[in-house]
1. Provide the gained length on full extension for the span Asp21 to Val85, in nm with one decimal, where the gain is 0.36 nm per separating residue minus the Cα-Cα distance.
2. If a paramagnetic tag sat 7 Å from the Cα of Asn46 along the Cα-Cβ line, which residues of segment 69-97 would have the backbone N under 18 Å from that point?
3. Which of Ser40, Ser89, Ser19 ends up with the largest GNM mean-square fluctuation for the chain, with Cα atoms connected below 10 Å?
4. What dipole magnitude, in Debye to the nearest 20, does the chain give about its Cα centre under +1 on Lys/Arg Cβ and -1 on Asp/Glu Cβ?
5. Quick one: length gained pulling Asn13 to Glu32 fully straight, 0.36 nm per residue minus the C-alpha distance?
6. Only Cα pairs under 8 Å and at least 6 apart count here; give the relative contact order of the chain as a rounded whole percent.
7. For segment 3-43, divide the Cα radius of gyration by the Kirkwood radius and give the resulting Rg/Rh value with two decimals.
8. With each label point set 7 Å from Cα along the Cα-Cβ vector, what nm distance links Thr77 and Asp63?
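Laboratory data are not the source of any read-out in this text; all were calculated from the coordinates shown. Here the structure is a predicted model, which means the values were calculated and not measured. Cβ sites come from the backbone with ideal geometry, for glycine too, and all protein chains shown count toward neighbours.
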Amino acid sequence: MQIQFKTSGGFANLRLNYSVDTATVSSATVQELDRLVQQSGILAINQQELAAASMNVPTNVPDAMTYEMTITTGDRTHSVTMTDVNMPSSVRPLVQRLRSLAIEQAKQG
């Protein structure tokens, strides 16, 4: 599995980028990411349905973060963009973990 994760926006306009190929990390990290991806249901989220469901959600939230994720499993690639405002609650643990991994990576240079 490969994951590409990007953030932007928020009060400080924090931009993070994180990419991981689970073939190159520890088995504990692989198991954790696989579990979070499965529990989040992110591979079943339809971007158009997410956008339609967000029609009645305020869009002028100045410190909302935007998250872009692309997950590749086998021959399937799934991309989704969401914000703090329209993110399904099931996806939050995955985003939180990817965000912490991105911050760790940024600190390492």
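1. Gain in length upon complete extension: 20.2 nm.
2. Only 77-82, 87-88 fall inside the zone, counting backbone N under 18 Å.
3. Result: Ser89 has the largest fluctuation of those listed.
4. So the dipole magnitude of the chain works out to roughly 160 debye.
5. Working: separation 19, 0.36 × 19 = 6.84 nm, distance 2.80 nm.
Result: 4.0 nm gained on full extension.
6. RCO, the chain: 35 percent.
7. Numbers: Rg = 12.6 Å, Rh = 11.8 Å.
On the Cα set of segment 3-43, Rg over Rh gives 1.07.
8. Between Thr77 and Asp63, the simple spin-label model gives 3.5 nm.
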